[in-house]
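Asker: Supplied in structure tokens, the structure appears directly below.
What follows is calculated from the coordinates using simple rules that are stated; it is not laboratory data. These figures come from a predicted structure and were not determined experimentally. Note that we place each Cβ from the backbone using ideal geometry, even for glycine, and neighbour counts take in every protein chain shown.
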């Protein structure tokens with residue numbers, strides 16, 4: 001009977017060891033999948049940020065010089081060329097040891113260049129540059145803004161006195177009281193107090 005139990009124990013122990021190795025393999029696989037998911041999330045965020053920046057650039061370019069939108073589009077297309085992709089090293093490679101540069105005294109500022117970037121040749125033609133004229137606002141300030149400005153210029157004692165006269169809460173700082181009063185008073189009432 002002891003031989004039967006010993007064989008049974010060995011069988012159970014082998015089953016436990018097999019299950020533990022399967023669990024370890026699954027944990028490794030789970031860890032790899034979680035890392036991959038995190039990388040995908042980072043890529044998604046970078047893509048959303050890049051798309052937002054492209055949107056901003058297009059809006060600005062459309063406002064400044066819509067004829068250059070095709071040039072911008074061509075520059076983006078170049079970024080998708082096979083030799084421009086893959087600048088980053090694969091995620092599974094070990095990071096290289098940083099190399100210490102030799103110390104030397106710089107004689108002039110050096111331009112910083114980004115290695116392995118694709119160079120885009122852009123041809124431009126001289127354009128007539130006309131100075132941009134500043135356009136004065138055509139709409140007058142709203143009365144509420146005018147009143148709020150006047151209220152903010154008042155002394156704290158005067159603005160509290162006006163608030164009490166209008167039945168408004170006179171507690172707080174000048175800005176808070178002015179925010180409450182701007183809809184309750186007229187410009188003439190503010191000027192009469194100050």
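Asker: Sorting 190, 54 on the 10 Å Cβ count, fewest up front, what's the list?
Answerer: 54, 190
Asker: Under Stokes-Einstein, with the Kirkwood radius over Cα pairs standing in for Rh, what whole-number D in µm²/s applies to region 144-193 at 25 °C and 0.890 mPa s?
Answerer: On the way: Rh = 10.2 Å.
My calculation gives 241 µm²/s for D.
Asker: Enumerate the whole-percent occupancy of each 10 Å bin, from 0 to the last occupied one, for all C-alpha pair distances of region 1-66.
Answerer: 18, 18, 15, 13, 12, 9, 7, 5, 3, 0
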